[in-house]
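Enquirer: Please read through the structure below; I'll follow up with questions.
What follows is calculated from the coordinates using simple rules that are stated; it is not laboratory data. Worth saying up front: this structure is predicted, and the values here are computed from it rather than measured. When we count neighbours, we look across all protein chains shown, and the Cβ atoms used for this are built from the backbone with ideal geometry, even at glycine.
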């Protein structure tokens, strides 16, 4: 544990999309700093692997964030069996890439059910419990695509933009109760979601260099993010070091959006 993340040690946290990628990195970081984590995902095997390396600090919870009743059950069980949840980090997300004119109704609905409704349900359940206690830190992991148009990612970008705004609106509503709500907006990160977009060995270089034909700049820092880079930003925002920060979006994208 480190003094840098004061306020995390001894806390109970809930993280969705926890089985791999950014979610798993967030869980690992919280455990490292002394939190006990309810790890939520539909990937039961991934959750089991996460729990195995946590030395008993991770409780796997198989649930779909798009299912409000399932989320409510997980929150109820976590608070009953572990303790009051003080940290919430909705990370779960899906990507159905493709031009908007070719996006099906099903792809659109599925994208919003996880990326937006899932965030809403998780934040709502946690905020309802945090409000009377007067303590809590909520961080939504969204995307830099929420603020910059992307070809072939219209549904994803729109869902992340919605998740970003609902997080900020909630932050305004619950600030009076001492609850902070912030957003971490990653850019391209080396995760299974990112790699599903790659088709050959040159794709990583193209992500870093940019693709003018898609009106997409590259990454000024010259590297793709590691999931731990995103997790470190989350850990800061849920810690006491960020006690006077709320309703903000922290971009962790190597400068890729040029703060557009």
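Enquirer: Please determine, in degrees from 0 to 90 and to the nearest 10, the orientation of helix 154-174 with respect to the longest principal axis defined by the Cα atoms of the chain, where the helix direction is its Cα long axis.
Expert: 30 degrees
Enquirer: Sort 53-61, 105-113, 210-218 by packing, meaning the average of other beta carbons within 10 Å per residue, with the highest value first.
Expert: Top to bottom by mean Cβ count within 10 Å: 53-61, 105-113, 210-218.
Enquirer: Rounded, prolate or oblate, given the Cα gyration tensor of segment 3-252, with a/c below 1.5 counting as rounded?
Expert: prolate
Enquirer: So, one more: Determine the distance separating the Cα centre of segment 199-254 from the Cα centre of segment 19-96; give it in Å without decimals.
Expert: Using only Cα atoms, the two centres lie 23 Å from each other.
Enquirer: Can I ask one more? In percent, what relative contact order does segment 3-252 have, based on Cα pairs under 8 Å that are 6 or more apart in sequence?
Expert: 21 percent
Enquirer: Can you tell me what share of the DSSP beta bridges in segment 3-252 is antiparallel? A percent to the nearest 5 is fine.
Expert: About 5 percent, rounded to the nearest 5.
Enquirer: Return the calculated 222 nm mean residue ellipticity for the chain, to the nearest 500 deg cm²/dmol, obtained by summing -39500 (n - 2.57) across DSSP H runs with n ≥ 4 and dividing by the residue count. Don't skip to the answer; put the middle values down first.
Expert: Working: 9 runs with 103 residues, N = 260.
My calculation for the chain gives -12000 deg cm²/dmol from helical runs alone.
Enquirer: Additional query: Sorting 237, 30 on the 10 Å Cβ count, fewest up front, what's the list?
Expert: 237, 30
Enquirer: Related question: Helix 21-32: angle to the longest alpha-carbon principal axis of the chain, degrees 0 to 90, nearest 10?
Expert: So the inclination is approximately 30 degrees.
Enquirer: Please give the helix 118-133 orientation as an angle from the longest Cα principal axis of the chain, in degrees from 0 to 90, rounded to the nearest 10.
Expert: Taking the Cα atoms of the chain, the angle to 118-133 is about 30 degrees.
Enquirer: Once the piece of chain linking residue 6 and residue 240 is laid out straight, how much longer is it, given 0.36 nm per residue of separation minus the C-alpha distance between them?
Expert: Values: separation 234, 0.36 × 234 = 84.24 nm, distance 0.55 nm.
Fully extending the segment from residue 6 to residue 240 adds 83.7 nm.
Enquirer: With label points built 7 Å along Cα→Cβ from the Cα atoms of residue 196 and residue 247, find their separation and express it in nm.
Expert: 3.4 nm
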